[in-house]
Amino acid sequence: MDDLSSRLSRDLQIAGEVVEKRFKFFTDVIKPKIKTKFLSHLVTTVEDLINEKRMKEIIDSVKEKRNDIQLIKALFASRNVRFYSIVLIPMNIRRRATTRYHNFGASVYYNSCFKDKQIRILIAHELGHIVNKELLGTDNDESTANLFAYIAMQDKNDFYDKDSKSYVFKSDIAILNEILNVCNIPK
């Protein structure tokens, strides 16, 4: 076991083999899945906005019928109710990417043979179509989807170039020290 693993084992009070298994699980199982979650913050935000819009439409509809609005508001306040979800699906398709709408969301199919940067642009473009249709109610043309892709990618560039630096720790030990500081382990 290397020095970092030994320190994690000691400071977190976890057996060394558990530390190694968790690293392996993260590397072999979680990390490859993360890689397929292109633009996940943007996807989730668009989903949330559409869900909020649909929730408001339902509440307004119920208000008109004078049903128990407080019960419905409480149900939606939990954010466990989802009316709309966006699923990203890598496929070997002829098109670069396409979106298929269904009752409770949209599936974005993208050609998995492209480079990661290009896939992010394809997904941002398809999200532009979803935003046009579901949130803005505007014409769903290629130019405005491209504009959304540009704005989204520029925002991501700014985040990675400027903002993300404030989230980065100086070392492995700095991460561990901050975890021990914020999430103390009872003795």
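The values are calculated or read from the model by the stated rules, or taken from the named source; none is laboratory data. These numbers come from a predicted model, not from an experiment. Using ideal geometry, Cβ is built from the backbone for each residue, glycine included, and neighbour counts are taken over all protein chains shown.
So which residues in region 132-145 are without any contact (Cβ under 8 Å) to a residue 24 or more places away in the chain and surrounded by 14 or more Cβ atoms within 10 Å (Cβ to Cβ)?
N132, N140, T144, A145
Which of the helices (runs of 4 or more DSSP H) found entirely inside region 1-54 contain at least 2 residues meeting this: within 30 Å of the chain's Cα centre (by Cα) and of a type in the set (F, W, Y)?
Because the criterion is at least 2 residues that are within 30 Å of the chain's Cα centre (by Cα) and of a type in the set (F, W, Y), the helices (runs of 4 or more DSSP H) in region 1-54 that meet it are 16-25.
For region 163-187, enumerate the residues that are modelled with pLDDT of 90 or more and closer than 26 Å to L127 by Cβ.
Listed by number, the list is empty, since nothing qualifies.
Output the number of residues of region 145-179 satisfying the condition of being more than 25 Å from V46 (Cβ to Cβ) and among the basic types (K, R).
2
Filter region 137-176 down to the residues that are more than 23 Å from the chain's Cα centre (by Cα), more than 30 Å from R7 (Cα to Cα) and of a type in the set (D, E) and list them by number.
Hits for region 137-176 are D139, D141, E142.
Need pairs with beta-carbon distance below 7 Å; first residue in contact (Cβ under 8 Å) with a residue 40 or more places away in the chain and over 15 Å from H129 (Cβ atoms) and within region 88-104, second surrounded by 11 or more Cβ atoms within 10 Å (Cβ to Cβ) and among the small types (G, A, S); sequence gap 6+ or separate chains.
These pairs meet every condition: P90/S112.
Within region 151-178, take every residue that is in contact (Cβ under 8 Å) with a residue 24 or more places away in the chain and of a type outside the set (D, E) and give me the one that is surrounded by the fewest Cβ atoms within 10 Å (Cβ to Cβ).
I173
Consider region 91-125. How many of its residues are surrounded by 12 or more Cβ atoms within 10 Å (Cβ to Cβ), closer than 17 Å to S40 by Cβ and basic (K, R)?
The number of residues fulfilling the criteria is 1.
When you scan region 122-133, do you find a residue that is more than 16 Å from N157 (Cβ to Cβ), among the charged types (D, E, K, R) and under 17 Å from the mean Cα position of the chain (by Cα), even just one?
yes
So how many residues does region 19-29 have that are surrounded by 11 or more Cβ atoms within 10 Å (Cβ to Cβ) and of a type in the set (V, I, T)?
The number of residues fulfilling the criteria is 1.
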